[in-house]
Amino acid sequence: MIKKLILTLSAIGISSGALAGGLAVDSHPYTCPALQSLIAAQGYVYIANPNFMDNVVANASFCSGDERAQVRSVPTIDNPQCLVNYCIPVFRTLD
């Protein structure tokens, strides 16, 4: 009984951590449409490539209040410049 409880609590902890951290992928093995579909389905995905290591998002609603979405490109198997949304800080000027 205790082993079952420990396994259940461990599984909950692992899944919660995975959800909080998001999904990390290398964009290279994906086709551009497949990567864009994955991002749309997940909402945001961490791209782990040597030239780009950050979150990409389905749309601007996944950016924080002080960020906006901007289009960037990441390499995929069929497109060296697959377009994805990336959140960047909004710079405010003082009046």
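The values are calculated or read from the model by the stated rules, or taken from the named source; none is laboratory data. In this text the structure is predicted, and so the values were computed from the model without any measurement. Neighbour counts run over all protein chains shown; Cβ positions are idealised from the backbone, glycine included.
A quick yes/no check of all residues on (1) of a type in the set (S, T, N, Q); (2) in contact with a Lys or Arg (Cβ under 7 Å, 6 or more places away or on another chain):
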residue: 49; (1), (2): yes, no
residue: 57; (1), (2): no, no
residue: 62; (1), (2): no, no
residue: 65; (1), (2): no, no
residue: 68; (1), (2): no, no
residue: 73; (1), (2): yes, no
residue: 78; (1), (2): no, no
residue: 84; (1), (2): no, yes
residue: 91; (1), (2): no, no
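Annotation: of all residues in the stretch 68-95 being part of a loop (DSSP other than H, G, I, E, B) and touching a residue at least 40 places away in the same chain (Cβ under 8 Å), the one that is surrounded by the fewest Cβ atoms within 10 Å (Cβ to Cβ) is 78. Applying the condition of being more than 18 Å from residue 88 (Cβ to Cβ), among the hydroxyl-bearing types (Ser, Thr, Tyr) and in a helix (DSSP H, G or I) to the stretch 9-64 and asking which residue is modelled with the highest pLDDT yields 37. For the stretch 44-67: of the residues being surrounded by 13 or more Cβ atoms within 10 Å (Cβ to Cβ) and in contact with a Pro (Cβ under 8 Å, 6 or more places away or on another chain), which is farthest from residue 30 (Cα to Cα)? Among residues in the stretch 44-67 that are surrounded by 13 or more Cβ atoms within 10 Å (Cβ to Cβ) and in contact with a Pro (Cβ under 8 Å, 6 or more places away or on another chain), the one farthest from residue 30 (Cα to Cα) is 67. Selection of first residues in the stretch 34-63 that are over 18 Å from residue 79 (Cα atoms) and of second residues that are polar (S, T, N, Q), restricted to Cβ pairs under 6 Å at least 6 apart or on distinct chains, gives the following pairs, ordered by first then second residue: 44/55; 46/55; 57/85.
Can residue 93 be described as more than 14 Å from the chain's Cα centre (by Cα), of a type in the set (S, T, N, Q) and at pLDDT below 95? Against the criterion (more than 14 Å from the chain's Cα centre (by Cα), of a type in the set (S, T, N, Q) and at pLDDT below 95), residue 93 qualifies.
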